[in-house]
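Trainee: First the structure, then my questions, so here it is.
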Amino acid sequence: MKILGIEFSPLSIPKTRRWETLAVFFWMATFMFSTVFMGPVFIMIYILFYTNYWHFGILYLCWILVDLRTCNRGGRQGWLPKFVRHWNLWNHFANFFPIKMVKTAELDRNRNYLVGSHPHGVLSAGAYSSFATEGTNFSKVFPGMIPHLLTLQEMFFIPLFRELWYSTQACAATKHGMEYLLTQPGGQMVVLVPGGAQESLNCDKGEVRLILKQRKGFIKLALRCGADLLPCFTFGENSIYDKLPNPEGSFIRKVQDKIQSVFGFAPVFFLGRGIFNYNLGIVPHRRPLTVVLGTPIHVARNPNPTQEDIDEMHRKYMESLVRLYEEYNPIHGDPSVQLILT
């Protein structure tokens, strides 16, 4: 049924699909409420200045100050991450698209891995489901491995919202945070999105444009720590939202690039669906996502790699990523979509 151009879903939709839509809405709404609208900050201001519970607000702010470095020291440990990662909510989240994870090689639990996840998309839904939750059964697919999805350090400064990130075993995408994880005895899977926020702006139809050619810092870190590199690609990531065209040089792109350079995040103008309609809202479209992890690239520890060492390993990584895309895109992606490395 259409009303004013908005296509509404029928009332006879099964309850399971409603739960799936609600799970994805929770994820997206929580992110936007906490970052774009800074909801948790206003909640804290209200508690501190307009209620009789200000002392709890003071205690919580003190806890945040004490806990600030945790995101650079391996993240939250113990029962809480295990509990939150196994929420049934994440199963509904993964089933919405649906999302599946494909393993192409066995991993050595005595080694640490630096995973490069591509592309960024709007919010890296495939990577979040696969590595920050048990929605795709990570612990069964990779027994003995401990995943850590990396995100902006600023996410751990936001009251309340930071607790959700910590509860998924996420850590900060900083040099110190990554180095801490990659120098642990073994079994750590550190997941970085090398393209970052800037890559989320790329939305040209018929192509997946990755920002990778000049991103060599994670390669240097892998060499210094002796962590194996593991390319990962989420097929379908760029298709779950419709984005406003923003070619290089356009006014919109200039504004986005300027904001990204100042604040560290890019304002992506996107459109999805709603809870009860198919073409207007912040919920992503129901389109299959397949997270494929390629073959590990062995990296020998080199405390002081030269630029030639870094360039050579970077070349190997890009070649491995291209091979993964060319092999699995006809199966899990769209053969008409071209991979472009910039």
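Trainee: Quick one: is Glu199 buried (at least 21 other Cβ atoms within 10 Å of the Cβ) and more than 30 Å from Asn110 (Cβ to Cβ)?
Mentor: Yes; evaluated as a whole, the condition is true for this residue.
Trainee: Let me ask you something else. Just to be sure before I move on: is Gln214 closer than 19 Å to Gly74 by Cβ, of a type in the set (S, T, N, Q) and open to solvent by 40 Å² or more (accessible area, probe 1.4 Å) in the structure I sent?
Mentor: No, not satisfied.
Trainee: I need the helices (runs of 4 or more DSSP H) fully contained in region 134-235, keeping only those with at least 3 residues that are at pLDDT 95 or above and more than 30 Å from Asn304 (Cβ to Cβ).
Mentor: Fully inside region 134-235 and qualifying: 138-141, 161-166.
Trainee: Return the residues of region 128-144 that are in contact with a Leu (Cβ under 6 Å, 6 or more places away or on another chain) and either surrounded by fewer than 20 Cβ atoms within 10 Å (Cβ to Cβ) or touching a residue at least 60 places away in the same chain (Cβ under 8 Å) (or both); say none if nothing qualifies.
Mentor: Phe131
Trainee: Let me ask something else. For region 319-339, which positions are surrounded by 13 or more Cβ atoms within 10 Å (Cβ to Cβ) and either under 20 Å from the mean Cα position of the chain (by Cα) or assigned to a loop (DSSP other than H, G, I, E, B) (or both)?
Mentor: Within region 319-339, Leu321, Leu324, Tyr325, His332, Gly333, Asp334, Val337, Leu339 meet the criteria.
Trainee: Next question. Is one or more of the residues making up region 103-112 in contact (Cβ under 8 Å) with a residue 12 or more places away in the chain, within 17 Å of the chain's Cα centre (by Cα) and not in a loop (DSSP other than H, G, I, E, B)?
Mentor: No.
Trainee: Let me ask something additional. Please work out if Ala94 is exposed (fewer than 14 other Cβ atoms within 10 Å of the Cβ) and within 23 Å of Leu230 (Cβ to Cβ).
Mentor: For Ala94, the condition - exposed (fewer than 14 other Cβ atoms within 10 Å of the Cβ) and within 23 Å of Leu230 (Cβ to Cβ) - is not met.
Trainee: So which residues in region 203-225 are without any contact (Cβ under 8 Å) to a residue 24 or more places away in the chain and touching a Ser or Thr at 6+ places or on another chain (Cβ under 9 Å), if there are any at all?
Mentor: Residue satisfying the conditions is Gln214 alone.
The values are calculated or read from the model by the stated rules, or taken from the named source; none is laboratory data. Not measured: the values here are computed from a predicted model. A quick note on method: Cβ atoms are made from the backbone with ideal geometry, for glycine too, and the neighbour counts reach across all protein chains shown. With ligands, DNA and RNA removed, areas are computed over all heavy atoms of the protein, side chains included. Shrake-Rupley method; radii C 1.70, N 1.55, O 1.52, S 1.80 Å.
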